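The values are calculated or read from the model by the stated rules, or taken from the named source; none is laboratory data. Computed from a predicted model, the values in this text were never measured in an experiment. Positions of Cβ are generated from backbone atoms using ideal geometry, with glycine treated the same way; all protein chains shown enter the neighbour counts.
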Ligand SMILES: N[C@@H](CCC(=O)N[C@@H](CS)C(=O)NCC(=O)O)C(=O)O
C-alpha cells in the first residue's frame, strides 16, 4: 500500500501508525499539497494529505483510510465493541482531528516545519496565537487520560489519533508538561508500531532537510 504525505502531519502519522499496528506494509510517498504529483492528485483531488493507493483503489482522509484499513485488516481492531467506549473513541478521534490539530499545526508549522523544512521565517506571533488555543485542549485531554492504560479503556483509534496530533505539537511545545498525558505518551512511545513510525519520521525529516526537497525552487 502507498501512503501519500509527509509524516510531520498528524493525519499522515495517524494512518502510518494504524498500518504499522496492523502489520500492513506501507510505502510512504512524499507528497506536498503545493507541488502535487499526478498520482497524489488522483488519490487526493483536494490536495490534502494523507491519501492512499492499494492496487487501483485510492482514498483521501485519515479517518476514511483508518476505517478502510480496519475493515480490510481487522486485527487488531481500531474500535471497542462496547457502545460507550466506541462513541468516546470516535469523539476523541474527532477532537484530535479538529480542535487539537488546528492549534498543533499552527505551533509546529510556525516554530519548526516552516523554518526547518520550507525555508520560511519563524513566525512567533502566529505560533503564540496557536499555542494559546492549544492549552485548553491539552487541559481537557489531561482530564480524559486515565492513570493507567488507554484513553477509552482498550487501545484504540483514540490513542493513535490524539498521540499523533501531540507529536506534531511537540515540534513547538512541551507536550509532556502535564503528568497524566506524559505517562500515557510514554506508554504510546513504548509500542513497536509507534517506534517504527517515529524512526521513519526522523529519517524522512533528515532526508528532506539534507536535500531541500520541500524548499521553494
Ligand atoms: N480531515 C483530513 C485533514 C487532512 C489535512 O488537513 N491535511 C493537511 C496536512 S496536515 C493538508 O494536506 N493541508 C494542505 C492544504 O490545506 O492545502 C484528514 O483527516 O486527513
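Checking 55, 119, 87 one by one, the residue that is modelled with pLDDT of 95 or more and on the phi > 0 side of the Ramachandran plot is 55 and no other. Restricting attention to segment 1-20, the residues being crowded, with 24+ Cβ neighbours inside 10 Å and assigned to a helix (DSSP H, G or I) number 9. Checked against (1) without any contact (Cβ under 8 Å) to a residue 40 or more places away in the chain; (2) assigned to a loop (DSSP other than H, G, I, E, B); (3) within 12 Å of the ligand (Cβ to nearest atom), residue 25 passes all but a single condition, namely (3).
Would you tally the residues in segment 50-72 being closer than 18 Å to residue 101 by Cα and touching a strand residue (DSSP E or B) at 6+ places or on another chain (Cβ under 7 Å)? First the steps, then the outcome.
Restricting attention to segment 50-72, the residues satisfying the condition of being closer than 18 Å to residue 101 by Cα are 50-51, 60-66.
Still in the running and touching a strand residue (DSSP E or B) at 6+ places or on another chain (Cβ under 7 Å): 50-51, 60, 65.
Result for segment 50-72: 4.
Taken together, 57, 67 contain a single residue that is away from the ligand (no atom under 16 Å from the Cβ), assigned by TED's automatic domain parsing to the domain that holds residue 33 and closer than 30 Å to residue 34 by Cα, which is 57. Could you please let me know if residue 201 is over 18 Å from residue 16 (Cβ atoms) and either part of a helix (DSSP H, G or I) or in contact with a strand residue (DSSP E or B) (Cβ under 9 Å, 6 or more places away or on another chain) (or both)? No: the conditions fail for residue 201.
Restricting attention to segment 28-54, which residues are under 17 Å from residue 214 (Cα atoms) and within 9 Å of the ligand (Cβ to nearest atom)? Result: 31, 32, 33, 34, 47, 48, 49, 50.
Residue-by-condition table, conditions (1) within 16 Å of the ligand (Cβ to nearest atom); (2) outside any helix (DSSP H, G or I); (3) surrounded by fewer than 21 Cβ atoms within 10 Å (Cβ to Cβ):
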| site | (1), (2), (3) |
| --- | --- |
| 128 | no, no, yes |
| 135 | no, no, yes |
| 147 | no, yes, yes |
| 153 | no, yes, yes |
| 163 | yes, no, no |
| 167 | yes, no, no |
| 171 | yes, yes, yes |
| 174 | no, yes, yes |
